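**Student:** The structure's right below; bear with me while I get my questions together.
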Amino acid sequence: MKKTILDFKKAKENNERISMLTAYDYSSAKLIDEAGIDAILIGDSLGMVSLGYEDTLSVTMEDMIHHTKAVARATKNALVVADLPFMSYQTSVYDAVYNAGRLIKEGRAHAVKLEGGIEMCDRIEAIVKSSIPVMAHIGLTPQSVNALGGFKVQGKDEKAAKALIEAAKAVEKAGAFAVVLECVPAKLAEIVTKELNIPTIGIGAGAQCDGQVLVYQDMIGMFSGFTPKFVKKYANIGDMMKEAFEEYNKEVKNGSFPSQEHTFKISEDVIEKLY
Ligand code: KIV
């Protein structure tokens with residue numbers, strides 16, 4: 001059954017947890033969709049895990065549309081949410097609506113995600129008024145890495161915790177259908193979750209959020225860079241891939257691949273006529 005934002009609303013009302021993973025390409029998105037995950041995020045984390053940048057700031061609208069198209073083609077059931085990349089919505093309300101529209105119209109996403117709280121509410125309102133569902137994202141917002149002074153846990157003192165609660169309420173009022181809470185102390189995320197009527201989707205925000213999201217390469221052990229504390233490794237696919245690549249390398253070099261079973265035949269009569 002195709003998931004919609006109404007399923008997110010129902011899940012919150014019925015106290016059912018929402019599962020979400022990132023994906024950036026057709027094959028991974030297909031596996032994630034077939035596994036029954038509720039929503040797939042084409043996160044701008046693709047800049048780090050797929051394109052090799054040190055942060056998400058260089059990701060462009062063209063990158064996002066290209067990868068969103070691939071994921072959307074693979075997805076039959078999950079809700080497809082695409083990130084608005086850095087400077088595609090911060091610049092103006094017009095840019096926010098225009099670029100959100102591109103992710104829906106060209107990328108075929110069902111919803112967009114943007115980072116920021118109270119200061120982004122005019123963008124959220126305008127995008128929602130254009131009939132595009134918006135997922136908000138507060139707490140650690142990686143597009144603000146330079147302003148935040150690094151990838152750090154947010155909302156730890158009283159002032160910051162109160163500001164986070166206010167931001168969550170503001171994005172809900174502005175029309176967001178869900179909000180990602182990234183790198184927020186678990187107790188604070190629990191308070192936010194209780195205060196809101198829209199679902200909270202946690203990443204590094206504890207178990208009391210209404211849903212969870214992870215970067216898929218992190219959770220299957222495929223990304224060998226930094227692994228944050230909040231990531232649980234469900235598999236070590238990276239090691240398996242490396243072993244397979246090493247084995248292939250060895251067999252190519254020693255001539256044992258390809259063997260007969262991986263080789264096409266031609267009749268000897270034809271071969272004789274070639275000389
Ligand atoms: O870009 C991304 O993958 C994200 C998730 C970490 C929530 O925004």
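**Student:** Per residue, what accessible area does the chain have, given a 1.4 Å probe and all protein chains present, in Å²?
**Tutor:** Details: 14950 Å² over 275 residues.
Per residue, the chain has 54 Å² of solvent-accessible surface.
**Student:** Could you order the peptides 217-226, 6-15 from most to least packed, using the average number of other C-beta atoms within 10 Å per residue? Show your work: numbers first, answer last.
**Tutor:** Details: 217-226: 17.1, 6-15: 14.0.
Order by mean packing, descending: 217-226, 6-15.
**Student:** Still on this structure, please answer the following. Could you order the peptides 140-152, 195-207 from most to least packed, using the average number of other C-beta atoms within 10 Å per residue?
**Tutor:** Working: 140-152: 14.6, 195-207: 21.3.
Per-residue Cβ counts within 10 Å, averaged per peptide and sorted highest first, yield 195-207, 140-152.
**Student:** Let me check against my output: what whole-number percent is the relative contact order of the range 189-274, with C-alpha pairs under 8 Å and at least 6 apart? Each step should come with its number before you reach the end.
**Tutor:** Working: 70 pairs, mean separation 13.6, N = 86.
Contact order relative to length: 16 percent.
**Student:** Can I ask one more? Which percent of the Cα-Cα distances in the range 1-66 go past 19 Å?
**Tutor:** Details: 934 of 2145 pairs.
Every Cα pair in the range 1-66 considered, those over 19 Å come to 44 percent.
**Student:** At a 10 angstrom cut-off on C-beta neighbours, averaged per residue, how do the peptides 93-101, 179-187 rank from highest to lowest?
**Tutor:** Numbers: 93-101: 18.3, 179-187: 23.1.
Per-residue Cβ counts within 10 Å, averaged per peptide and sorted highest first, yield 179-187, 93-101.
**Student:** With equal scatterers on the alpha carbons only and no solvent term, can you work out the Debye log10 of I(q)/I(0) for the range 177-227 at 0.24 1/Å?
**Tutor:** Values, matching the q order: -0.80.
**Student:** Over the residues of the range 1-120, compute the C-alpha Rg and express it relative to 2.2 N^0.38 Å.
**Tutor:** Details: Rg = 14.2 Å, N = 120, 2.2 N^0.38 = 13.6 Å.
Normalised Cα radius of gyration, the range 1-120: 1.05.
**Student:** Sticking with this structure for a sec: State which entries of 30/169; 30/233; 9/242; 129/229; 156/242; 10/30 exceed 32 angstrom in Cα-Cα distance in the structure shown.
**Tutor:** Exceeds cut-off: 30/169; 9/242; 129/229; 156/242.
**Student:** Can you send over the carbon and sulfur percentage of the accessible area for the range 1-76, probe radius 1.4 Å, protein chains only? Write out the running numbers ahead of the final one.
**Tutor:** Details: 2050 of 3870 Å².
It is 53 percent, rounded to a whole number.
**Student:** Something else: State the Kirkwood hydrodynamic radius of the chain in Å, one decimal place, computed from all pairs of distinct Cα atoms. Don't skip to the answer; put the middle values down first.
**Tutor:** Details: mean 1/r = 0.0499 Å⁻¹.
Computed over the chain, the radius equals 20.0 Å.
**Student:** For the range 97-193, take N as its residue count and report Rg(C-alpha) divided by 2.2 N^0.38 Å.
**Tutor:** Values: Rg = 13.7 Å, N = 97, 2.2 N^0.38 = 12.5 Å.
Computed over Cα atoms of the range 97-193, the ratio equals 1.10.
**Student:** Also: Give me the one-decimal Kirkwood hydrodynamic radius in Å for the range 180-275, with the sum taken over alpha-carbon pairs.
**Tutor:** Numbers: mean 1/r = 0.0561 Å⁻¹.
Evaluated over the range 180-275, this radius sits at 17.8 Å.
**Student:** In deg cm²/dmol, rounded to 500, what helix-only [θ] at 222 nm does the chain give when every DSSP H run of at least 4 residues adds -39500 (n - 2.57) and the total is split over its residues? Write down the numbers at each step before the final one.
**Tutor:** Numbers: 12 runs with 116 residues, N = 275.
Result for the chain, helices only: -12000 deg cm²/dmol.
The values are calculated or read from the model by the stated rules, or taken from the named source; none is laboratory data. Remember, predicted model here, so these are calculated numbers, not experimental data. Cβ sites come from the backbone with ideal geometry, for glycine too, and all protein chains shown count toward neighbours. All accessible areas refer to the heavy atoms of the entire protein, side chains included, with ligands and DNA or RNA removed. Shrake-Rupley method; radii C 1.70, N 1.55, O 1.52, S 1.80 Å.
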